[in-house]
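Chemist: What follows is a single structure, and I will ask about it in a moment.
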Amino acid sequence: MIGIVIVAHSQKLAEGVKELAEQMSQGRVPIVAAGGLDDTTIGTNMERILSAINAVYQPDGVLVLMDLGSAVMSAEMAIETLSPEQQAKVLLSPAPLVEGAIAAAVEAAIGNSLAEVNAAACAVVNMPKVAGVAALSPEQEISTVPTAEAPSSNEITLTLINKSGLHARPAALFVQTAGSFQSTITVRNLSRNTTPVSAKSMFGVLGLGAQQNHRIAIAAEGPDAAEVLAVLRQLAGDGFGEMEQTPVAPAKEFAGPPLQETRVIPRSFVESAPHLVARGRMRKFQGVAASAGIAIGPAYLYRPLTLNAPQRKVEDPEAEWVRFTAAVEKAKAQIKATRDKAVTQVGRAAAEIFTAHLLFLEDPGLLDQMRVQITKEGLNAEAALAKAVAGYADVLRNMDDDLFRQRAADVEDVGQRVLRILRGISDRSLAELPEPAVLVARDLAPSDTFRLEKERVLGFCTAAGGVTSHTAILASSLGLPAVVGLGEKALDIPDGTPLIIDGEAGVVVVNPDEEILAAYRVRRESLVARQVAARQAGQGPALTRD
């Protein structure tokens, strides 16, 4: 790992460049801003620069980028105070401050050497800042990175046609495929003008925020470059296996019994925000419909244990690294077992959610970051993991598209699994419910949702979450009625309170009166009858009408 120091005459400028570079590297690279004589005075301070170099110093080297001439003098003076061994690993770069810092951060994030990071930073000098405007005179040779308009033989440009773009499951398939080839493969989102990331990094590919109709560029360099590009082109052309077929109207004779007329719930009676629920008083809350169906039963408030990770220094960093890798391997074994079980219960497509979880733990960026924090900085595994997970989750949570924001819950789910193993704490089993109940929770992790047993959990509602979360997808695959996004006041519902979950309308009825309860029971029975008829029709001969 390479450390980066940003030297500018203004501390605000240095901090701004640092923030931009950190976003491009997704927080994987240690970067420190050293600007101004102090926080408010314009100038450069040798002591500040020295402190910054020491803060990010890595055995692989430190790259220093500067804005104006006098910054070079201050940086040189700072380097002179270092030991000869350290001086040999600190490089002053002539690259432009902003563009150079971005390029350097991206190169450092994928594990390149100090010379390669500096070369990438310096190369931006020759790149035109405006399309069609040359940066140098015609007599000068211009070396540019291949673009979508003028691709090289080892780069292809594709348009994502599947509805959800490169979200977790397609991203997992993309990363798995790229990882099976020897070549160095990068991908960038042309529609968002992102910098290239490793195609073998789950976090990197998710971080592109690539949505439907976005154009991406994939570049490969190595012995099997042509082959991997052809395979990835085919993969994207097939929509990563997510292309929806045109729905076909069911035959009328297989429609099943008609839905019986039920009492219509007045919209004015559905409250837009939850309130404190008193026993005996009927309330109806509006949330987001996540999984269709009707569930009727007593409330059970589920409070999963969320582990914290106090920070401490370890005496034997290498032993701590071994402890962390052992925990990761155990977590991967658990996830594989869950995925295998999910294939039989909810199908291979939904089970790929857990393949994405596996790839999180195999991500080279995450493992490199953990190795540095544990073996170089002496941080305990729990604190290092919590820090890394929080960083990746924040990147996803700050994306524009809700589909990608929901993936932050998956990252945190995986992090909690490894933390439980590191701390020797067993999962709290949801199978220990005292009776069949309707689950109420702040949120449910995908692994929690998959462990729900239909014999005991009739359905669930959550204060947080969205319809695009993997929790909602699994609930639908398992046939569990679910409503999400009710707000924090839903957690005030006491255990044992009678509940109705309307997974089609996104409504939760608390303490229903006899009339509402009877109407929903009729509706549930009618829905069950239709489902039975549909299953029976599905066992009939596969014959067309003619």
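The values are calculated or read from the model by the stated rules, or taken from the named source; none is laboratory data. Quick caveat: nothing in here was measured; it's all calculated off a predicted structure. Positions of Cβ are generated from backbone atoms using ideal geometry, with glycine treated the same way; all protein chains shown enter the neighbour counts. The protein model used for the area step is the full one, side chains on, heavy atoms only, and it has no ligands, DNA or RNA in it. Shrake-Rupley method; radii C 1.70, N 1.55, O 1.52, S 1.80 Å.
Chemist: Search region 502-522 for residues being hydrophobic (A, V, I, L, M, F, W, C) and not in a strand (DSSP E or B), and hand back the single one that is nearest to F460 (Cα to Cα).
Modeler: A505
Chemist: List the helices (runs of 4 or more DSSP H) inside region 1-109, counting only whole elements, that have at least 1 residues being in contact (Cβ under 8 Å) with a residue 40 or more places away in the chain and either open to solvent by less than 10 Å² (accessible area, probe 1.4 Å) or farther than 21 Å from P196 by Cα (or both).
Modeler: 11-25, 46-56, 69-80, 97-109
Chemist: Residues E488, E504, E515: which one is surrounded by fewer than 17 Cβ atoms within 10 Å (Cβ to Cβ) and over 28 Å from R303 (Cα atoms)?
Modeler: Details: E488 fails: over 28 Å from R303 (Cα atoms); E504 fails: over 28 Å from R303 (Cα atoms).
Result: E515 is the single residue among E488, E504, E515 that is surrounded by fewer than 17 Cβ atoms within 10 Å (Cβ to Cβ) and over 28 Å from R303 (Cα atoms).
Chemist: Then there's this: Any residue at all in region 373-380 that is part of a helix (DSSP H, G or I), within 17 Å of the chain's Cα centre (by Cα), over 30 Å from I493 (Cβ atoms) and not hydroxyl-bearing (S, T, Y)? Full working, then the answer.
Modeler: Initial filter on region 373-380 (part of a helix (DSSP H, G or I)): 373-376.
Still in the running and within 17 Å of the chain's Cα centre (by Cα): none.
No, region 373-380 contains no residue that is part of a helix (DSSP H, G or I), within 17 Å of the chain's Cα centre (by Cα), over 30 Å from I493 (Cβ atoms) and not hydroxyl-bearing (S, T, Y).
Chemist: As an exercise: evaluate A388 against (1) over 28 Å from A108 (Cα atoms); (2) at pLDDT below 90 and give the number of the one condition it does not meet.
Modeler: Failed condition: (1).
Chemist: Of everything in region 94-114, what is of a type in the set (G, A, S) and in contact with a strand residue (DSSP E or B) (Cβ under 8 Å, 6 or more places away or on another chain)? Give them in sequence order. Let's see the steps before the verdict.
Modeler: Pass one, region 94-114, residues of a type in the set (G, A, S): 95, 100-101, 103-105, 108-109, 111, 113.
Answer for region 94-114, where residues must be of a type in the set (G, A, S) and in contact with a strand residue (DSSP E or B) (Cβ under 8 Å, 6 or more places away or on another chain): A95, G100, A101, A104, A105, A108, A109.
Chemist: In addition: Determine, yes or no, whether L499 is open to solvent by less than 50 Å² (accessible area, probe 1.4 Å), assigned to a loop (DSSP other than H, G, I, E, B) and within 17 Å of A295 (Cα to Cα).
Modeler: Here the answer is no, as L499 does not meet what is asked.
Chemist: Could you list, in sequence order, all residues of region 180-193 that are surrounded by 18 or more Cβ atoms within 10 Å (Cβ to Cβ) and within 19 Å of the chain's Cα centre (by Cα)?
Modeler: T186, V187, R188, N189
Every residue, every condition in (1) part of a loop (DSSP other than H, G, I, E, B); (2) in contact (Cβ under 8 Å) with a residue 40 or more places away in the chain; (3) surrounded by fewer than 21 Cβ atoms within 10 Å (Cβ to Cβ); (4) out of contact with any strand residue (DSSP E or B) (no Cβ under 8 Å at 6 or more places or on another chain), yes or no:
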site: E318; (1), (2), (3), (4): no, yes, yes, yes
site: V322; (1), (2), (3), (4): no, no, yes, yes
site: A326; (1), (2), (3), (4): no, no, yes, yes
site: K332; (1), (2), (3), (4): no, no, yes, yes
site: H357; (1), (2), (3), (4): no, yes, no, yes
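Chemist: If I ask for residues that are over 10 Å from the mean Cα position of the chain (by Cα) and open to solvent by 50 Å² or more (accessible area, probe 1.4 Å), which ones from region 381-410 would you list?
Modeler: Of everything in region 381-410, those that are over 10 Å from the mean Cα position of the chain (by Cα) and open to solvent by 50 Å² or more (accessible area, probe 1.4 Å) turn out to be K387, N398, D400, D402.
Chemist: I've got another one for you. Any residue that is buried (at least 18 other Cβ atoms within 10 Å of the Cβ), aliphatic (A, V, I, L, M) and either more than 36 Å from the chain's Cα centre (by Cα) or not in a helix (DSSP H, G or I) (or both) - is there at least one of those in region 472-482?
Modeler: Scanning region 472-482 turns up at least one residue that is buried (at least 18 other Cβ atoms within 10 Å of the Cβ), aliphatic (A, V, I, L, M) and either more than 36 Å from the chain's Cα centre (by Cα) or not in a helix (DSSP H, G or I) (or both).
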